[in-house]
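The values are calculated or read from the model by the stated rules, or taken from the named source; none is laboratory data. Just so you know, these numbers come straight off a predicted model, no measurement behind them. Quick reminder, even Gly has a Cβ in these numbers, built from the backbone with ideal geometry, and neighbours come from all protein chains shown. Just the protein is used for accessible areas: all its heavy atoms, side chains included, with ligands, DNA and RNA removed. Shrake-Rupley method; radii C 1.70, N 1.55, O 1.52, S 1.80 Å.
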Amino acid sequence: MKVRIELTYKTPKGSAALIRSEEMRAAEAILIAEDFVKTGRVKLLTFIDRHENTWTMKEIKKLMEGIQTEPHHVKVYFDGGFDLSTKNSGLGCAVYYEQNNKAYRLRRNALVQELNTNNEAEYAALHLGVQELELLGVHHMPVTFVGDSKVVINQLNGEWPCYEKELTVWIDRIEEKLSAMGISPEYEVVSRKLNREADQLASQALNGTEITSTIELPDN
């Protein structure tokens, strides 16, 4: 979860100024805000997220305590593959997250038949990841989505235009779901080698191997 700080700072002689910070992780914002409060010169202090939700110091500390019991620090790897000969698509996603001071990995794939291109399969794989986030109860926080499709990543980032009607439908579907869940997406494009886990899941789906698993990861 990322927020910015807004506060009114008053000098001993009575001069006051409104101070706004850049966006940062909530835990870091709390530490910085506490340092300001120690001066005894802060009159009003508010934390604001990118959806313009606001909290006092007490409220955001309570919120952060609650977040520890929910999935957070979430990263989703996704990949889709399309078999032209069978018209089948394999979707794969791997979700990494933390909860109750432990780290987890969720793996999921699916075989679908109603898609027509590899780009559609890539979007469908990302959408599969979003559905898994919804089942996990992820909400109102930033989530990083990682894939090797420059088309998907750059179109969702708004850097590339989308002219295909079928892909526009997927974009709208994904963005509407993320908005409803209060998720602020961050997109990252990587090489296929660095996305091999999701790629393997998609390939296994095409080969008829269904995978749904969640494991606790060992401490680093």
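State all residues of the stretch 3-16 that are of a type outside the set (Val, Ile, Thr) and either closer than 15 Å to THR56 by Cα or loosely packed, with under 15 Cβ neighbours inside 10 Å (or both); if no residue qualifies, say none.
Let us first name the residues in the stretch 3-16 that are of a type outside the set (Val, Ile, Thr), namely 4, 6-7, 9-10, 12-16.
If the condition is that a residue be of a type outside the set (Val, Ile, Thr) and either closer than 15 Å to THR56 by Cα or loosely packed, with under 15 Cβ neighbours inside 10 Å (or both), then ARG4, GLU6, LEU7, PRO12, LYS13, GLY14, SER15, ALA16 are the ones that fit.
Among LYS102, LYS165, which is the only one that is of a type outside the set (A, V, I, L, M, F, W, C), farther than 21 Å from ILE67 by Cβ and open to solvent by 70 Å² or more (accessible area, probe 1.4 Å)? Walk me through how you get there before you give the answer.
Details: LYS102 fails: farther than 21 Å from ILE67 by Cβ.
Just one listed residue meets the conditions, LYS165.
Residue under question is LYS75, and the condition is that it be open to solvent by 40 Å² or more (accessible area, probe 1.4 Å) and either β-branched (Val, Ile, Thr) or within 30 Å of GLN113 (Cβ to Cβ) (or both); does it hold?
Details: open to solvent by 40 Å² or more (accessible area, probe 1.4 Å): yes; either β-branched (Val, Ile, Thr) or within 30 Å of GLN113 (Cβ to Cβ) (or both): yes.
The answer is yes for LYS75.
Pairs needed: first member in the stretch 25-42, in a helix (DSSP H, G or I); second member anywhere, hydroxyl-bearing (Ser, Thr, Tyr) and surrounded by 13 or more Cβ atoms within 10 Å (Cβ to Cβ); C-beta distance under 9 Å; at least 6 residues apart or different chains.
ALA29/SER21; ILE32/SER21; ALA33/SER21; PHE36/TYR9
Listed here are the residues, each with its yes/no results for (1) among the charged types (D, E, K, R); (2) farther than 28 Å from GLY66 by Cβ; (3) open to solvent by 10 Å² or more (accessible area, probe 1.4 Å).
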site	(1), (2), (3)
ALA125	no, yes, no
GLU134	yes, no, yes
ASN157	no, yes, yes
VAL169	no, yes, yes
ILE183	no, no, no
SER213	no, no, yes
